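Visitor: Shown below is the structure under consideration.
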Amino acid sequence: MRLRDKVIIVTGGGAGIGEEYCYGLAREGAKVVIVDILPKEQLEILAADIQNEGGDAIALKVDVSSQEQTLLMAQRVIERWGRIDGLVNNAVWQPAKPFNEYTVDEFDRMLAVNIRGVWLCIVAVYPYMLKQGKGKVVNIGSQTVFSGWWNLAPYVATKGALVGMTRALAREISPSGIRVNCLCPG
């Protein structure tokens, strides 16, 4: 168990690949914080399932585009386990349609979740990781950044911005022992 007793937050952890990250981290011994905007009951079922498999998990309903909610998320994790060792920024909002059919509100929501949400979550956990002198942040990007993709232009743009933000933060905060990386599945 490579992650025994490490406390790791997974945004967008309630379904899809985020859910798989939660199960995988728990199998490696991590205490998993499942963060999503899905109904709290659905998230609690996932947390219970992880616990039934011998893991340790809690569920928090959080809109990552809200600074108030992301700060409260980090505070609750500290109250529960006293530390935050890792953050997996996986939450995403991604409707698929031709680029010229997106509304401004849809484009803004994508920016709010896919970019601002990542930044807000890092801002929320940073003081605790800094105090510990270490931490890991993994931002989930996408291979679409390198190839483009039909009907996903705004999404691809947000993931390109995420790669750039990851590189900048890696340089800025790595001297304090906090590693920032980007994983691009696809």
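The values are calculated or read from the model by the stated rules, or taken from the named source; none is laboratory data. The shown structure was predicted, so the numbers you read here are calculated from the model rather than taken from an experiment. Every residue, glycine as well, gets a Cβ built from its backbone with ideal geometry; the counts of neighbours run over all protein chains shown. Accessible surface is based on the protein model in full, side chains and every heavy atom, while ligands, DNA and RNA are left aside. Shrake-Rupley method; radii C 1.70, N 1.55, O 1.52, S 1.80 Å.
Visitor: Quick one: how many Å² of SER66 are accessible to a 1.4 Å probe, rounded to 10?
Guide: 30
Visitor: If you place +1 on the Cβ of every Lys and Arg, -1 on the Cβ of every Asp and Glu, and leave all else neutral, what size is the dipole of the chain about its Cα centre, to the nearest 20 Debye?
Guide: 820
Visitor: Something else now. Pulled fully out, how much extra length does the chain show between ASN52 and ILE17, if you take 0.36 nm times their separation in residues and subtract their Cα-Cα distance?
Guide: Computed gain between ASN52 and ILE17 is 10.6 nm.
Visitor: With the alpha-carbon atoms as the only input, what is the per residue convex hull volume for the chain in Å³?
Guide: Convex hull of Cα atoms, per residue: 111 Å³.
Visitor: For a quick check of understanding: with a 1.4 angstrom probe and all protein chains in place, what accessible area in square angstrom does LEU120 have, to the nearest ten?
Guide: Surface open to solvent at LEU120 totals about 10 Å².
Visitor: How far apart, in nm, are the 7 Å Cα→Cβ label points at GLU44 and MET1?
Guide: Placing both labels 7 Å beyond Cα along the Cβ direction yields 2.5 nm.
Visitor: Taking springs between alpha-carbon atoms closer than 10 angstrom, which of GLY86, GLY54, GLY13 fluctuates most in the Gaussian network model of the chain?
Guide: Maximum fluctuation in the GNM of the chain, among the listed residues, is at GLY54.
Visitor: When the chain is fully extended, how far beyond the present Cα-Cα distance does LYS134 get from TRP150, taking 0.36 nm per residue of separation?
Guide: Length difference between fully extended and current span is 1.8 nm.
Visitor: What size of dipole, in debye to the nearest 20, comes out for the stretch 92-186 about its Cα centre when the only charges are +1 on Lys and Arg C-beta atoms and -1 on Asp and Glu C-beta atoms?
Guide: On the way: 10 positive and 5 negative charges, 110 e Å.
Value, rounded to 20: 520 debye.
Visitor: Grab the beta carbon distance between GLN143 and GLU79, set R0 = 35 Å, and tell me the FRET efficiency rounded to 0.05.
Guide: 0.40
Visitor: Can you give the calculated 222 nm mean residue ellipticity of the chain, where each DSSP H run of n ≥ 4 adds -39,500 (n - 2.57) and the sum is split over every residue, rounded to the nearest 500 deg cm²/dmol?
Guide: Computed mean residue ellipticity for the chain: -15000 deg cm²/dmol.
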